[in-house]
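None of the figures in this text is laboratory data; all of them are computed from the coordinates on show. All figures in this text were calculated on a predicted structure; none of them were measured in a lab.
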Amino acid sequence: MHTGCSKALALAASLLAVAGGSQAAMIYRCGQTYQQVPCEGGKALNTAPAPSEEQRRQAQERADAEQRLANDMAEDRHRQEAADAKARAKDEAASERERKAAAKSARKDAEASEQVVLACPSPVYVELAPGEKKKAGKSKSGCPAVIYVPAPAKPAASAAVVAQQPAPKKK
């Protein structure tokens, strides 16, 4: 129907866009599509002109500055993470040393309590004759194995003391 007319309008619009150069071309939204030719029920969209070379250069400078800032922030984060990891490792090593020291102390306490609980076996007592001297010996555990004690002094037996004692009974 109006195909010839719409082609002419499209051609005219494109010529105006080329001729205008610096002016923004009109874009129309027609349903789900966008075109430079007006359509029935279409909505005209105002488009901004393309950026100038100066605007592009400034935008690139901003982008470069932001990228440098991002890189600096990443380097700072990496340094902080490395420092945190080093501090964490140092803390873990100190905790490990404390744990080992506590375990060693607990073992010593347990060994000491075992020695107290186990105690030394009863030593053998040996009587020494009067005037005889011997030094007590110790076993490998440190407990005395033999204890030498002097024999009790015997009173001189007199005939009267022996006579006072009853004679043993015979069966």
Gyration tensor verdict on the stretch 53-113 (Cα atoms; rounded if a/c is under 1.5, prolate if a/b is larger than b/c, oblate otherwise): prolate
Amide proton proximity set for residue 28, modelled H, under 5 Å, gap of 5+: 35, 36, 37, 45
